[in-house]
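Chemist: This is the structure I want to talk about, given as structure tokens.
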Amino acid sequence: IDKLFGIPALPLIVHGVVVLLPLAAIFALIAAAVPKLRRHWAPIALGLAVVSVGLVILSEGSGEQLERRVAETEAVEEHTEAADAVLPWALGLVLVAAGITAADRLGSKSEKLSPKAVTGAAVALAVLVGAGATASVISVGHSGAKSVWEKTGNSTPRPEGEGGETEEGDEKGE
């Protein structure tokens, strides 16, 4: 997808990933840590993770189309490389959420797996994969914002008195 509503699709799609992937990680962690909530929260975590994977794939496609139209800079290259790390983490979160969703059945039907062992493993995996997924999204977002701000020249501060500050030095509107 190249454009939505006449503007580049990438920023619109990416914000879905920015919200849903960390939210899936939070739901997975809560479902893993609180067995009583697992039955209801784990499928929500799984659904959010699956939707996130779809949005990551759409983001990659729209990002590649946008990349063809912008100047190749070090910041754009850094952003592209960081973006490559998101899909594996998102897929990992799908697997973890699916495992947590099945954890009740595994724990109750197996004499070898105690409920505490299932909960401990689920929490450890949810923390590890959730943190990795969230960190990858933050890294991509930071590098993407950096590439936009450096490209437009907006990373340099305005001279004093040119908007943004009042005589007292406070930001306008605060």
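The values are calculated or read from the model by the stated rules, or taken from the named source; none is laboratory data. Here the structure is a predicted model, which is why all the values come from computation and not from measurement. With ideal geometry, Cβ positions are generated from the backbone for all residues, glycine too; neighbour counts draw on all protein chains shown. Each accessible area value is taken on the protein alone, full model and side chains, heavy atoms only, with ligands, DNA and RNA left out. Shrake-Rupley method; radii C 1.70, N 1.55, O 1.52, S 1.80 Å.
Chemist: On the given criteria, is GLU78 modelled with pLDDT under 85, acidic (Asp, Glu) and open to solvent by 80 Å² or more (accessible area, probe 1.4 Å)?
Modeler: No.
Chemist: Please enumerate the residues belonging to region 81-106 that are open to solvent by less than 60 Å² (accessible area, probe 1.4 Å) and in contact with an Asp or Glu (Cβ under 9 Å, 6 or more places away or on another chain).
Modeler: Narrowing region 81-106 to residues open to solvent by less than 60 Å² (accessible area, probe 1.4 Å): 82-83, 85-87, 90, 92-94, 96-104.
Of everything in region 81-106, those that are open to solvent by less than 60 Å² (accessible area, probe 1.4 Å) and in contact with an Asp or Glu (Cβ under 9 Å, 6 or more places away or on another chain) turn out to be ALA83, VAL86, LEU87.
Chemist: Residue by residue through region 107-116, note down the ones that are open to solvent by 80 Å² or more (accessible area, probe 1.4 Å), part of a helix (DSSP H, G or I) and at pLDDT below 75.
Modeler: SER108, LYS109
Chemist: Can we say LYS172 is farther than 28 Å from VAL14 by Cα, at pLDDT 80 or above and open to solvent by 60 Å² or more (accessible area, probe 1.4 Å)?
Modeler: Criteria not met by LYS172.
Chemist: Anything in region 51-69 that is aliphatic (A, V, I, L, M) and open to solvent by 80 Å² or more (accessible area, probe 1.4 Å)? List them, or say none. First the steps, then the outcome.
Modeler: Of region 51-69, the ones aliphatic (A, V, I, L, M) are 51, 53, 55-58, 66.
The answer is ILE57, and nothing else.
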